[in-house]
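Asks: The structure is given below, and queries will be raised subsequently.
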Amino acid sequence: MNEQSFGLYIHVPYCIHKCGYCDFNSHPIKRDEMETYVSALIKEMTHYSQKFSSAGTVNSIFLGGGTPTTLSATQLARILEECKKQFNIAEDAEITLEANPATIGSDQLKSIRQAGYNRISIGVQSFDEEELKLLDRAHGVEEIHCTVDRARESGFSNLSLDLMFAIPNQTLDGWENNLRQALVKNPEHLSTYNLTIEKETSFGKLQSSGKLVMPDEDHQLELFKRTIDFLKENGFHHYEISNFARPGKECKHNITYWQNSNTLGLGAGASFYMNGIRSKNTNLPANYIREINKKHTAVEFSESLRPRQAMGETLMLGLRMLKGISIMKFEDRFQTSIRAIYGDVIASLKEKELITIEQGQLRLSKKGLFLANSVILEFI
Ligand code: SF4
């Protein structure tokens with residue numbers, strides 16, 4: 001990604017069912033509303049394509065959710081066609097669509113691939129029927145196999161699977177079995193997240209009442225270590241705390257985000273960061289549509305980051321990547337010496353062997369990787 005390119009994120013906030021642990025901006029399907037939602041997206045796109053006409057080339061497009069595949073193939077094709085009309089899309093742009101098993105059929109997948117989406121990220125979460133039930137997912141294991149196989153048959157040669165670990169009662173062997181089954185599908189990319197519980201979700205309420213007991217931190221750490229060892233042994237490149245890829249298949253869109261580079265977000269609840277300004281759209285789809293129809297934007301919050309804030313965020317996000325951040329690029333970007341601002345923090349973390357500086361890259365050490373959240377917070 002060069003300075004003259006940016007990522008484009010488009011949020012589709014509809015799901016066929018609310019999973020018990022979900023705190024994303026997702027809402028029940030409303031067929032009538034969805035058509036007007038797509039029209040609103042296009043209006044918002046027109047507004048920003050004019051505003052950022054000199055921002056450069058779009059390097060990646062990512063349709064996330066919610067569940068983008070709750071939209072029809074025609075609606076998804078229309079969104080991408082408009083992106084191509086309104087922005088300068090790089091020839092080798094990565095164009096990802098998130099999909100959930102049980103929300104997409106063969107014909108829809110073929111049409112989507114033909115429309116130009118070239119990467120698919122499938123929310124599998126688990127290959128264990130009991131775990132899927134516990135997670136309150138709307139699909140079973142058979143539907144996962146079916147969806148992945150159909151995606152391949154439809155021509156998706158760049159495929160990512162999302163898996164979740166630290167599910168209650170999950171053993172190390174149970175988790176490794178999940179990873180093993182994922183590899184049978186031969187994905188180019190894997191995202192592995194540990195289940196975290198937010199208070200406002202159904203799982204949060206179950207946890208407060210003692211009906212849901214999460215694995216302790218030591219076990220979660222063992223699961224994470226097993227993930228790294230197992231996937232590395234199987235040829236995956238561990239390039240971000242939770243992400244693994246076959247060489248060359250790292251997710252361009254997410255790298256743009258972790259580099260704290262320009263990303264334009266469209267749709268209900270979308271957050272974006274363009275030219276030092278961070279903004280967020282209103283969450284409710286009906287409010288989003290109303291705002292867009294009234295004034296072509298639906299921003300409910302916007303702030304211009306102070307240099308110190310922007311530096312802290314750049315470090316916080318950049319350290320999530322295993323290669324860390326280039327000190328030279330950081331200093332060029334902020335026109336200051338990193339040691340002048342963070343000298344004490346860097347010295348203290350180096351002494352505790354939580355970070356390293358080698359060949360101009362500041363990165364988490366192996367020990368720091370397992371304590372990443374607390375290490376990263378030192379820079380904020
Ligand atoms: S499918 Fe994803 S976005 Fe939708 S409810 Fe479940 S976790 Fe949330």
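Coordinate-derived values only; no laboratory data. Note that this is a predicted model, so its numbers are computed, not measured. Heads up, the Cβs are rebuilt from the backbone with ideal geometry, glycines too, and the neighbour counts pull from every protein chain shown.
Asks: Using the structure shown, select from 84/294; 133/280; 110/280 the pairs with a Cα to Cα distance greater than 28 angstrom.
Replies: The pairs that break the limit, which is 28 Å between Cα atoms, are 133/280; 110/280.
Asks: Here is a further query. How high is the FRET efficiency from residue 202 to residue 130, r the C-beta distance, R0 25 Å, rounded to 0.05? Display every interim value, and only then the final one.
Replies: Working: r = 18 Å, r/R0 = 0.72.
Step by step, r from the Cβ atoms, then E = 0.90.
Asks: State the extension gain, in nm to one decimal, for the chain segment bounded by residue 91 and residue 339, taking 0.36 nm per residue of separation less the distance between their alpha-carbons.
Replies: Here the answer is 85.4 nm.
Asks: Taking only C-alpha pairs under 8 Å that are 6+ residues apart, what is the relative contact order of region 5-258 in percent?
Replies: 19
Asks: Now a separate question. Write down the percent of antiparallel bridges among all DSSP beta bridges whose residues are both part of the chain, to the nearest 5.
Replies: If we restrict to bridges inside the chain, about 40 percent are antiparallel.
Asks: Compute the length gained on full extension between residue 118 and residue 180: take 0.36 nm times their separation in residues and subtract their Cα-Cα distance, giving the result in nm to one decimal.
Replies: Computed gain between residue 118 and residue 180 is 19.8 nm.
Asks: Also, I was wondering about something else. Can you give the local net charge around residue 142? Use residues other than it whose beta-carbon is closer than 12 angstrom to its beta-carbon, Lys and Arg +1, Asp and Glu -1.
Replies: That sum, taken over residues with Cβ under 12 Å, equals -3.
Asks: Now for a separate question. Where a Cα-Cα gap under 17 Å defines reach, which lysines qualify for residue 30, not counting those fewer than 8 residues away within the same chain?
Replies: The qualifying lysines are 18.
Asks: Here's another thing I want to ask about it. Under a Cβ-Cβ cut-off of 15 Å, what is the net charge of the residues other than residue 84 that fall near it, where Lys and Arg count +1 and Asp and Glu count -1? Don't jump to the answer; show the numbers that get you there.
Replies: Details: positive: 78, 85; negative: 81, 82, 91, 92, 94.
For residues surrounding residue 84, the net value is -3.
Asks: Can I ask one more? Could you give the length gained on full extension between residue 193 and residue 278, defined as 0.36 nm per residue of separation minus the Cα-Cα distance, in nm?
Replies: 28.1 nm
Asks: Where does the charge balance sit around residue 200 when Lys and Arg score +1, Asp and Glu -1, over other residues with C-beta under 13 Å from its C-beta?
Replies: For residues surrounding residue 200, the net value is +1.
Asks: Please list, or write none, the lysines whose alpha carbon is within less than 29 Å of the alpha carbon of residue 350, excluding same-chain residues fewer than 8 places away.
Replies: The qualifying lysines are 225, 232, 323, 329, 366, 367.
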